[in-house]
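The values are calculated or read from the model by the stated rules, or taken from the named source; none is laboratory data. Since we're looking at a predicted model, the values are computed, not measured. Cβ placement follows ideal geometry from the backbone for every residue including glycine, while neighbour counts extend to all protein chains displayed. In case anyone asks, the SASA skips ligands and DNA or RNA and just uses the protein heavy atoms, side chains included. Shrake-Rupley method; radii C 1.70, N 1.55, O 1.52, S 1.80 Å.
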Amino acid sequence: MAENLIRKIDLAKWNKTHWYIFFSTSIGFFLWGIINTLGYAFFPTYQNIYYLIVIAAIPLLGDLLLTRISDKIIGRKKAYIITMGLYGFGSLIIVLDLLFIKGLMQMIVFLLGYGISMFGVEGEVPIGLALLAESTPIKYREKILVLSPNFENVGAAIAAIIALSIYFMKNSFIIMGISIAIMAIIGLIIAIILRLLMPESIRWLTTKGKIRDAEKEANKIALNQELSIKEKFSTSNIKLRNRFLFLTIWSLANYLTWSLMAFVLADFYFKGVSLIAVILWANLGASFAGFLTGLIIDKIDMRKYTFISFLAATISFLPILAYTLFNFKSLYLFYSLTFINLFSITMTWFVRTIYEPILFPTSNRAFYIGIVRGIAMTTYTISIYLTSSFPLWGFAIYGMGFQGLGLIASIYWIKRGEDVRYKSIDILSKIK
């Protein structure tokens, strides 16, 4: 019975229930981009290395705790409602803090509100990826696992545009922060409505033995079947520990290099509003990568895509190395290099958003994604401190080195991995 239900989900025609899930997860990613941009946009106001460490370290708890609760107790839908509440509460604290508190206490309360929001944000990301992989028909799965997470980049870009506009109108980081937080609250209201309409994950319900509930939800999401789809039934030969190892390597390569241009090197060259402009160009590059990748991802072997992505990301650090070595000071050249660099690195991020929820088993899917991300977060937090004394060219070598590590893993994956398109995640994620 459970196998028949799951096959109905895999071969379902796209309908309005799939749209509820897609837009619900997309708004969650969109809010992630807004809140993440808010944290880094305020760095010029406080200029404190410990501020960067805090906003990098806080999300780890949500990443591990909320994912575990989702896998073992409350599922995907209820966890989503909790994360939305955390978004809203944290954003409200930020608004009140910026309106009524000044000085050092403002930064402390800001970090409190930001921490609560990011606790929800980072806990939601693995849960959202799990929900998408578990509920999307295989015809659309890889495409949706690119397009929905890409709204994080879109949200970050829009937040940067708002921040720039308000800064130039009022020359106030405080008004900028309040505006971004209010936009997050509006997005939150829309997300809650969508999340009440969407179904629970059928795969999660069947794992918990709730077959009757799964049947009810399946009636919403599998109204008609795609008769033209040919599934691939080949058995996966990749052991779970090897999947975990590869995904951890790719996560480290992606996470430790993502912010080097926009949030590290930019601070050595530019101040004030120019830093927000760099964030904008970074997220425009990332957003463009998402839309382009979404068009082609189901037309290319995922092993080849993985290799191409890490190769491009590794090469993208060469002109950055030249920029630092020759001590260029061109703002527009920096914008261009940032756009290209984040475009390439975002392509490697989609390697993660596709593989992570597909290769981990349903019983621990969100938590395993959280662990992989948690390892990268912890390493990144440590690296902020350890690399603070690097020369400028050292950051370019650092980025190239980690992307090169991902590239080496992708070469091995071409030989030992497999193309995941049109394969059931129950085959790909089988525990071995």
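A few comments on the model shown:
- Relative contact order of the chain: 27 percent, from C-alpha pairs under 8 Å at least 6 residues apart in sequence.
- Semi-axis lengths (Å, descending) of the ellipsoid that matches the C-alpha gyration tensor of the chain: 35, 26, 18
- Out-of-range pairs (alpha-carbon distance over 25 Å; input K208/K430; K77/K220; K13/K415; K78/K102; K16/K143): K13/K415; K78/K102
- Size-normalised alpha-carbon gyration radius of region 55-113, reference 2.2 N^0.38 Å: 1.37
- Peptides 369-381, 397-409, 204-216, 145-157 ranked from most to least packed by the mean count of surrounding Cβ atoms within 10 Å: 145-157, 369-381, 397-409, 204-216.
- Segment S389-I73, extension gain: residue separation times 0.36 nm, minus the distance between their alpha carbons: 109.3 nm
- Working from label points 7 Å from Cα in the Cα-to-Cβ sense, the S363 to L112 distance is 4.2 nm.
- Here's the picture: charge each Lys and Arg Cβ at +1 and each Asp and Glu Cβ at -1 in the chain, and of N224, F100, I186 the one pushed furthest to the positive end of that dipole is N224.
- For the chain, calculated [θ]222 nm from helices alone, where every DSSP H run of n ≥ 4 adds -39500 (n - 2.57): -26000 deg cm²/dmol
- For the chain, with all protein chains in place and a probe radius of 1.4 Å, 71% of the accessible heavy-atom surface sits on carbon or sulfur.
- Viscosity 1.306 mPa s, temperature 10 °C, Stokes-Einstein D of region 66-168 from Kirkwood C-alpha radius, µm²/s: 102
- For the peptides 304-315, 123-134, the ranking by packing is 123-134, 304-315, with the highest mean count of neighbouring Cβ atoms within 10 Å listed first.
- Calculated SAXS-style log₁₀ I(q)/I(0) at q = 0.14, 0.15, 0.20 Å⁻¹ - region 230-388, Debye, Cα scatterers: -0.78, -0.88, -1.34
- Across all directions, the average projected area of the convex hull around the alpha carbons of region 310-393 is 6.6 nm².
- Mean shadow area of region 363-432, taken as a quarter of the surface of its Cα convex hull (nm²): 6.5
- For the pair I193 and N224, the difference between a 0.36 nm per residue extended length and the Cα-Cα distance amounts to 8.7 nm.
- Å² of accessible area per residue within the chain, as computed with a 1.4 Å probe and no ligands counted: 39
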